[in-house]
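As structure tokens, the structure follows; a few thoughts come after it.
The values are calculated or read from the model by the stated rules, or taken from the named source; none is laboratory data. Values in this document were obtained by computation on a predicted structure and should not be read as measured data. As a convention, Cβ positions derive from the backbone with ideal geometry for all residues, glycine included, and neighbour counts pool all protein chains shown.
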Amino acid sequence: DTVPTALIPIADRPMLAHSISSLRRQGVTKFVLCRGWQGSAFDDHVADLGDGVSFVDCRDFASTGMLESLRLALGHLDEGGFYVSYGDIIFRPSVARRLRESLGGVSVVVNAAMPGSQSKGFEDVEAVTTSGDGSARVV
């Protein structure tokens, strides 16, 4: 392992660049990327990732989890909604579109296939949304 998984090339582009492209197709223009292990490797791929990308370094990545990275990124977000995605997961543009079109206050995409199943087709993806507030919240 010499580079973060998100930078492994798929079809001549870093894995992360594919996810960013899917989100751009839905109108997303700002991307806050949290870097941990080998974070400086992202500096060599700025052109591959495109405009609107900024970096937040999670220096304690080895002892913290994704929530700490998210906490660090929150100060860099604009008002309104945002997407959270792992950098080493590629998804179809249709998945980002389903999230954008969801009506809930919080929406999550899940792989509905049985754990360990090799199937990752479109039919296995569900957008889960919430509505309501407090104890009336429905998922």
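Overview of values
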{"read-out": "Cross-chain or 6+ apart pairs with Cβ under 6 Å, the range 21-47 first and farther than 18 Å from Arg98 by Cα, then among the basic types (Lys, Arg) and surrounded by 13 or more Cβ atoms within 10 Å (Cβ to Cβ)", "value": "Phe42/Arg35"}
{"read-out": "Residue check for Ser69: at pLDDT 90 or above, of a type in the set (Ser, Thr, Tyr) and crowded, with 16+ Cβ neighbours inside 10 Å", "value": "no"}
{"read-out": "Residue satisfying condition, being at pLDDT 80 or above, at negative phi, of a type outside the set (A, V, I, L, M, F, W, C) and in contact with a strand residue (DSSP E or B) (Cβ under 8 Å, 6 or more places away or on another chain), within set Ser107, Ser63, Ser54", "value": "Ser54"}
{"read-out": "Per-region count, the range 69-98, residues basic (Lys, Arg) and in contact (Cβ under 8 Å) with a residue 40 or more places away in the chain", "value": "2"}
